[in-house]
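The structure under discussion appears below in the form of structure tokens.
The values are calculated or read from the model by the stated rules, or taken from the named source; none is laboratory data. Every value quoted in this text rests on a predicted model; they were computed, and no experiment measured them. A quick note on method: Cβ atoms are made from the backbone with ideal geometry, for glycine too, and the neighbour counts reach across all protein chains shown. Quick note on the areas: whole protein, heavy atoms, side chains included, nothing else; ligands and nucleic acids left out. Shrake-Rupley method; radii C 1.70, N 1.55, O 1.52, S 1.80 Å.
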Amino acid sequence: MSGVVQGEELVRVGSGDPDYHAAVDFLHQEAELLDARRWRDWLALLAEDVTYEMPVRVTRARTLEDSTLADMDHFREDRFALQKRVERLETEYAWTEDPPSRTRHFVTNVQVFRAASGDLVVKSYLLLFRSRGDTRPPEWVCGERTDRLRRTPEGLRLVHRRLVVDESVLRTQNLAIFL
Amino acid sequence: MPDDRWLGQLVGDVRKGWIPAAIYSDPGVFEAEEERVFGRAWVFLAHESEIPEPGDYVVRRIVRDSFIVARDEYGEVRVLANVCRHRGMQVCRAERGNASHFRCPYHGWTYRNTGDLVGVPFHEDAYGGDREFPKSEFGLLSAPRVASYNGLVFASLDPGAPPLEEYLGGFRFYLDFYTRQSPAGLEVHGPQRWRIRANWKIGAENFCGDTYHTPYTHQSIAEIGLFGEHKPHKRKEGVLYFADRGGGTTYKLPPGGFADRLRSVGYPDGMIERMAQTWSREQRALVGEAGFMVSAATLFPNLSFVHNWPRVREGGPPVPFVSIRLWQPVGPDETEVYSWFAVDRLAPEEFKQDSYRSYLLSFGTSGMFEQDDVENWTSITAVAAGRWARGLRLHSRMGLSREGRLLREPLADWPGPGQAFQGFGEYNQRALLELWCRYLEGAREAVEV
């Protein structure tokens, strides 16, 4: 991915670089917060101007190019939307997460790139395991994230996430979770 | 297929508003539905705006039968069975794209997007050429009946189905609020697709008339202030209407004229002017005089609509959105949901963007309304499969006395077709399932409810 991506020059950061470890630590910490349902702490890791998107994936002939819809997403969120979702989960009436899902966010295949602005662009694979109740089989969501992390005095903050999911038809009951 | 005696008993109970739980879980009932409901009714496949250019196609199903909905090179919309005429292979295995031809990967038979068979390898050597095997007789088959209304493309597997407009009947009046807000009509985006472990009928019933669940199921939405007012409790002021093949719910709007009331749900003036020019006098009266706005609705058997108006920024005004959704049956206990965002083509770009955000927050895979709805429906479906519970008769008699009399009279001065009641009641769910009963019994002309 090093080189020019969408008009922006990105330089690969090797796995020996402190920036690489900072990015991995960020993703691991974030995963733990989400799995522990500590959403307020999770929100604190997001920049004020965060954008969070998960386009719909489609099955096309011959190629994986163009296999996301440009005009339909599972998520296309700003801070207001994410905040409202968190507030809802905190009410006593978010039935679909009561009892709560037990989740594991597995984050692997991390690649880190540095933008001219100093931001880190981080690609990773995500495998989400979701178990709920005692009768249903667990559900999985798998995809690739491309994140942009901004350096701030408080540490790295997520400015943008794009999650490209691998299923065109989701097999999870809903996305009352964050990916 | 279950025996007709048992089906007769189920139908008899359903008609009394006592719903045998087995209708939400039984494989035999599902088999009967596949043949008698989905084999006969008009079923929604796609909106024309999904395939704007010649060659554009989407692949859709009626239960297990796959169809290519394509715009051919002459601009005509075709609904072609996705089945090679030779050995039955699917000729298209993508879900959307643009193609002038569909080629079967098995032996290479090639069809134009009009359905015409144009290529048969070794046509002369293998088949004796056009004399013995005229290619013109082996094009892709069209769905037995195809028709569209306001750009909504429907097909019926029943060659004897009534004309679509007759099938829709009085429900067309209400369909226009969602699909014809200007002469240009809708553009639809999506769909999102996901599978839920719920019987397809539960969503269809919910959307056509369940205002009673809103204050409780969706209490979280009220609590986080996604609406300007505590809207759930307003549901009992709404009117429930049902006309021929479909019905829906409404909200009572604040006082004012046609334009004031549409402004109150967040429509900009340009859109309101186009609605005023496009809708009939009676349609305008439903909003401007009676003071109601359509919300959720279902067209039998499995197409639903939703119109609602949450806010998309802190303290911001309401922003209305329209969503179209299909409850695509997979099995008795599983449904694939197709959920589209729909917006008037002539709406201002900024409105389209906000309306899209309003949709994503509320409905679809991540929608905060939809999440809790589906939680209920999967639970009902799981319970209904129990050896003991499947024999239970669930209560769908709200609005009826013990003896079965209406507790409230239908509105005498409702400006739209069909029957309308104000307040809570399961009139529409009963009307929808009455259609289901008639189809299971084999009636094709089940228009009058």
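If you go through region A:162-179 one residue at a time, how many are in a strand (DSSP E or B) and within 14 Å of chain B (Cβ to nearest Cβ)?
Going residue by residue through region A:162-179, those that are in a strand (DSSP E or B) are A:162-165, A:170.
Cutting the leftovers down to within 14 Å of chain B (Cβ to nearest Cβ) gives us A:163, A:165, A:170.
Looking only at that region, the number is 3.
Among B:ARG393, B:ARG357, B:ARG405, which is the only one that is of a type in the set (Lys, Arg) and without any contact (Cβ under 8 Å) to a residue 12 or more places away in the chain?
Values: B:ARG393 fails: without any contact (Cβ under 8 Å) to a residue 12 or more places away in the chain; B:ARG357 fails: without any contact (Cβ under 8 Å) to a residue 12 or more places away in the chain.
Selected residue: B:ARG405, the only one of B:ARG393, B:ARG357, B:ARG405 that is of a type in the set (Lys, Arg) and without any contact (Cβ under 8 Å) to a residue 12 or more places away in the chain.
Do we find a residue being assigned to a strand (DSSP E or B), at pLDDT 95 or above and open to solvent by 60 Å² or more (accessible area, probe 1.4 Å) anywhere in region A:30-46? Talk me through it step by step, then tell me what you get.
Here is the first cut: in region A:30-46, the ones assigned to a strand (DSSP E or B) are A:46.
Checking the rest, the ones that are also at pLDDT 95 or above come to A:46.
From what is left, the residues that are open to solvent by 60 Å² or more (accessible area, probe 1.4 Å) are none.
Checking region A:30-46: not a single residue is assigned to a strand (DSSP E or B), at pLDDT 95 or above and open to solvent by 60 Å² or more (accessible area, probe 1.4 Å).
Scan region B:226-236 and tell me whether some residue there is closer than 24 Å to A:ASP98 by Cβ, within 14 Å of chain A (Cβ to nearest Cβ), part of a loop (DSSP other than H, G, I, E, B) and open to solvent by less than 10 Å² (accessible area, probe 1.4 Å).
Step one: list which residues in region B:226-236 are closer than 24 Å to A:ASP98 by Cβ, which gives B:226-227, B:230-233, B:235.
From what's left, within 14 Å of chain A (Cβ to nearest Cβ): B:226-227, B:230, B:232.
When the remaining residues are screened for being part of a loop (DSSP other than H, G, I, E, B), the result is B:226-227, B:230.
Imposing the further condition that a residue be open to solvent by less than 10 Å² (accessible area, probe 1.4 Å) reduces the set to B:226.
Yes: region B:226-236 contains one or more residues that are closer than 24 Å to A:ASP98 by Cβ, within 14 Å of chain A (Cβ to nearest Cβ), part of a loop (DSSP other than H, G, I, E, B) and open to solvent by less than 10 Å² (accessible area, probe 1.4 Å).
Only one of (1) open to solvent by 40 Å² or more (accessible area, probe 1.4 Å); (2) at pLDDT below 95; (3) touching an Asp or Glu at 6+ places or on another chain (Cβ under 9 Å) fails for B:ALA446. Which number is that?
(1)
Can you go through B:GLU375, B:GLU336, B:GLU403 and tell me which one is of a type in the set (Asp, Glu), within 14 Å of chain A (Cβ to nearest Cβ) and not in a helix (DSSP H, G or I)? Break it down stepwise before answering.
Details: B:GLU375 fails: not in a helix (DSSP H, G or I); B:GLU403 fails: within 14 Å of chain A (Cβ to nearest Cβ).
When all the criteria are applied, what remains is B:GLU336.
Report the residue count in region B:292-315 for those that are open to solvent by less than 10 Å² (accessible area, probe 1.4 Å) and more than 25 Å from the chain's Cα centre (by Cα).
Count: 1.
If we scan region A:118-131, do we find a residue that is more than 10 Å from chain B (Cβ to nearest Cβ), over 16 Å from the mean Cα position of the chain (by Cα) and in contact (Cβ under 8 Å) with a residue 40 or more places away in the chain? Walk me through it before giving the result.
Initial filter on region A:118-131 (more than 10 Å from chain B (Cβ to nearest Cβ)): A:118-131.
Next cut, over 16 Å from the mean Cα position of the chain (by Cα) only: A:118-119, A:131.
From the residues that got through so far, the ones that are in contact (Cβ under 8 Å) with a residue 40 or more places away in the chain too are A:119.
Yes.
Look at region B:136-155 and say how many of its residues are surrounded by 19 or more Cβ atoms within 10 Å (Cβ to Cβ) and not in a strand (DSSP E or B).
Matching residues across region B:136-155 total 3.
Identify all residues within region A:59-95 that are open to solvent by 50 Å² or more (accessible area, probe 1.4 Å), of a type in the set (A, V, I, L, M) and outside any strand (DSSP E or B); write none if there are none.
Pass one, region A:59-95, residues open to solvent by 50 Å² or more (accessible area, probe 1.4 Å): A:59-60, A:62-66, A:70-71, A:76, A:90, A:92, A:95.
Within this subset, residues satisfying the condition of being of a type in the set (A, V, I, L, M) are A:64, A:70.
Across region A:59-95, the qualifying residue is only A:LEU64.
Restricting to region B:81-112, what's the tally of residues that are part of a loop (DSSP other than H, G, I, E, B), polar (S, T, N, Q) and open to solvent by less than 20 Å² (accessible area, probe 1.4 Å)? Please lay out each step first, then the result.
So in region B:81-112, the residues part of a loop (DSSP other than H, G, I, E, B) come out as B:82-95, B:99-100, B:104-109.
With polar (S, T, N, Q) added as a condition, the list becomes B:82, B:90, B:100.
This time we only want the ones that are open to solvent by less than 20 Å² (accessible area, probe 1.4 Å), so: B:82.
Count: 1.
Of the conditions (1) open to solvent by 10 Å² or more (accessible area, probe 1.4 Å); (2) in a loop (DSSP other than H, G, I, E, B), A:VAL159 satisfies every one except a single condition; which number is it?
That leaves (2) as the condition not met.
Read through the list (1) more than 10 Å from chain B (Cβ to nearest Cβ); (2) at pLDDT below 95, then give the number of the only condition that A:GLY143 fails.
Result: A:GLY143 passes all but (2).
To keep it simple, each residue is scored yes or no on (1) under 30 Å from B:ASP269 (Cα atoms); (2) in contact with a His (Cβ under 9 Å, 6 or more places away or on another chain); (3) open to solvent by 10 Å² or more (accessible area, probe 1.4 Å); (4) of a type in the set (D, E, K, R).
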position: B:ASP130; (1), (2), (3), (4): no, yes, yes, yes
position: B:PHE171; (1), (2), (3), (4): yes, no, no, no
position: B:ARG197; (1), (2), (3), (4): no, no, yes, yes
position: B:LYS201; (1), (2), (3), (4): no, no, no, yes
position: B:ASN206; (1), (2), (3), (4): no, yes, yes, no
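State all residues of region A:104-132 that are open to solvent by 40 Å² or more (accessible area, probe 1.4 Å) and not hydrophobic (A, V, I, L, M, F, W, C); if no residue qualifies, say none. Full working, then the answer.
Step one: list which residues in region A:104-132 are open to solvent by 40 Å² or more (accessible area, probe 1.4 Å), which gives A:104, A:106, A:108-109, A:111, A:114, A:116-117, A:123, A:125, A:127, A:129.
Listed by number, the residues that qualify are A:ARG104, A:THR108, A:ASN109, A:GLN111, A:ARG114, A:SER117, A:LYS123, A:TYR125.
Of everything in region B:170-221, what is at the interface with chain A (Cβ under 9 Å from one of its Cβ atoms) and part of a helix (DSSP H, G or I)? Give them in sequence order.
Listed by number, the residues that qualify are B:TYR216, B:THR217, B:GLN219, B:SER220, B:ILE221.
Out of (1) of a type outside the set (A, V, I, L, M, F, W, C); (2) away from every other protein chain (no Cβ under 14 Å); (3) out of contact with any strand residue (DSSP E or B) (no Cβ under 9 Å at 6 or more places or on another chain); (4) more than 13 Å from B:LEU175 (Cα to Cα), what's the single condition that is false for B:GLN283?
Going through (1) of a type outside the set (A, V, I, L, M, F, W, C); (2) away from every other protein chain (no Cβ under 14 Å); (3) out of contact with any strand residue (DSSP E or B) (no Cβ under 9 Å at 6 or more places or on another chain); (4) more than 13 Å from B:LEU175 (Cα to Cα) one by one, B:GLN283 breaks only (4).
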